[in-house]
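Input: a single structure, listed below in structure tokens.
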Amino acid sequence: MAGVDRENLAAEVRAFLGSRRARITPEEAGLPVHGGGNRRVAGLRREEVALLAGMSVDYYVRLERGNLGGVSDSVLEGLARALRLDEAERAHLYDLARSATPPGRRPTVTASRVRPTVLRLLDAMAGVPAYVRNARFDVLAANALGRALYAPVFDSPLFARRGPVNTARFLFLDPAGRDFWPDWEKAADDSVAFLRTETGRAPHDRALTDMVGELTTRSEDFARRWARHDVKFHRSGVKSLHHPLVGDLVLPYEAMDLPSDPGLRLNVYTPEPDSPEREALGLLASWAGAGGAVPARND
């Protein structure tokens with residue numbers, strides 16, 4: 001790993017562990033509080049984390065300085081327990097530790113094109129909106145209903161001269177993003193947490209780090225959230241959207257990795273039967289007309 005990568009990784013580890021430490025009070029951790037209001041830190045001190053994790057203070061300080069290379073799973077588990085990490089945060093800690101261990105580390109390879117069999121799968125899902133994206137939130141392919149649902153994104157001037165269509169860029173750089181996502185604050189929080197998770201998983205993805213740098217520079221809203229070091233899995237949930245033709249929609253979704261295509265994920269929206277959303281998507285399908293799934297423009 002190049003020197004600049006080691007420095008960036010160490011900075012990431014320091015910020016992540018420090019931010020997790022700062023959010024836990026001694027009372028929440030079941031520790032006695034000495035000195036009352038004289039504490040100079042908002043959360044746990046380093047020595048308190050070391051006590052909870054069952055390690056020496058010097059060793060924890062070394063870890064928080066970014067020296068995670070070669071750290072055992074038992075040490076990582078101790079840290080995860082002491083800092084009360086959730087599933088996504090724990091996975092992020094392990095990703096950082098793997099990135100800090102040079103032997104056998106290879107640049108992450110991400111599929112750049114959607115295979116014809118996956119395009120046919122999208123075609124077969126004609127009754128629901130579906131699309132394929134990569135870790136950078138580039139939309140690489142979508143079925144007709146997926147393109148219709150995300151028409152404000154596909155039609156954004158952001159992508160008129162520069163592809164590919166990207167939901168994170170639309171969210172933070174196009175004012176229309178605040179109309180498309182009624183709960184814009186939650187959408188923004190989730191998007192940044194998803195991207196932070198991906199950077200831990202694929203620290204050598206230059207296109208991903210370049211996009212994060214662009215959004216950090218161009219959007220104060222993104223930069224503020226990026227500084228929180230929050231992470232989150234993108235697996236399933238409910239998304240609120242406002243479509244200019246059919247109005248407000250509340251759609252359950254599933255996000256599924258494509259095992260044969262590293263880094264690609266299939267997103268599918270599945271409205272409840274006989275719901276207003278089902279009827280609205282029927283109207284959208286009529287508006288979109290017949291059309292097969294095609295790769296999104298990548299020029």
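The values are calculated or read from the model by the stated rules, or taken from the named source; none is laboratory data. Model, not experiment: these values are computed from the prediction. Heads up, the Cβs are rebuilt from the backbone with ideal geometry, glycines too, and the neighbour counts pull from every protein chain shown.
Are any of the residues in region 246-254 at positive phi and either surrounded by fewer than 19 Cβ atoms within 10 Å (Cβ to Cβ) or touching a residue at least 24 places away in the same chain (Cβ under 8 Å) (or both)? Let's see the steps before the verdict.
Keep residues of region 246-254 that are at positive phi, which gives 247.
From what's left, either surrounded by fewer than 19 Cβ atoms within 10 Å (Cβ to Cβ) or touching a residue at least 24 places away in the same chain (Cβ under 8 Å) (or both): 247.
Within region 246-254, one or more residues are at positive phi and either surrounded by fewer than 19 Cβ atoms within 10 Å (Cβ to Cβ) or touching a residue at least 24 places away in the same chain (Cβ under 8 Å) (or both).
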Notebook entry, point to check: Looking only at residues in region 73-100 that are of a type in the set (A, V, I, L, M, F, W, C) and part of a loop (DSSP other than H, G, I, E, B), which one is nearest to the chain's Cα centre (by Cα)?
Noted result: L85
Check: Considering only residues of region 216-245 that are among the charged types (D, E, K, R) and within 23 Å of R21 (Cα to Cα), which is surrounded by the most Cβ atoms within 10 Å (Cβ to Cβ)?
Finding: R225
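For R206, indicate whether it is within 23 Å of G263 (Cβ to Cβ), under 13 Å from the mean Cα position of the chain (by Cα) and basic (K, R). Steps first, answer last, please.
Values: within 23 Å of G263 (Cβ to Cβ): yes; under 13 Å from the mean Cα position of the chain (by Cα): no; basic (K, R): yes.
The answer is no for R206.
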Notebook entry, point to check: Which residue, of L215, L264, is in contact with a helix residue (DSSP H, G or I) (Cβ under 7 Å, 6 or more places away or on another chain), in contact (Cβ under 8 Å) with a residue 12 or more places away in the chain and assigned by TED's automatic domain parsing to the domain that holds A141?
Noted result: L215
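Against the definition (over 21 Å from L245 (Cβ atoms) and either modelled with pLDDT under 95 or crowded, with 19+ Cβ neighbours inside 10 Å (or both)), how does V139 come out, yes or no? If you could, list the steps in order and put the result at the bottom.
Working: over 21 Å from L245 (Cβ atoms): no; either modelled with pLDDT under 95 or crowded, with 19+ Cβ neighbours inside 10 Å (or both): yes.
So V139 fails the test.
Let me confirm something: among P164, P175, which residue is surrounded by fewer than 22 Cβ atoms within 10 Å (Cβ to Cβ), under 30 Å from A280 (Cβ atoms) and in contact with a strand residue (DSSP E or B) (Cβ under 6 Å, 6 or more places away or on another chain)? So that I can check it myself, show each step before the final result.
On the way: P175 fails: in contact with a strand residue (DSSP E or B) (Cβ under 6 Å, 6 or more places away or on another chain).
Being surrounded by fewer than 22 Cβ atoms within 10 Å (Cβ to Cβ), under 30 Å from A280 (Cβ atoms) and in contact with a strand residue (DSSP E or B) (Cβ under 6 Å, 6 or more places away or on another chain) holds for just one of P164, P175, which is P164.
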Item checked: Where T197 falls short, out of the listed (1) of a type in the set (S, T, N, Q); (2) surrounded by fewer than 20 Cβ atoms within 10 Å (Cβ to Cβ); (3) in contact with a Lys or Arg (Cβ under 8 Å, 6 or more places away or on another chain) -> (2)
Note to self: Against the definition (surrounded by fewer than 13 Cβ atoms within 10 Å (Cβ to Cβ) and either closer than 30 Å to A11 by Cα or assigned by TED's automatic domain parsing to the domain that holds V13 (or both)), how does D205 come out, yes or no?
What the structure shows: no
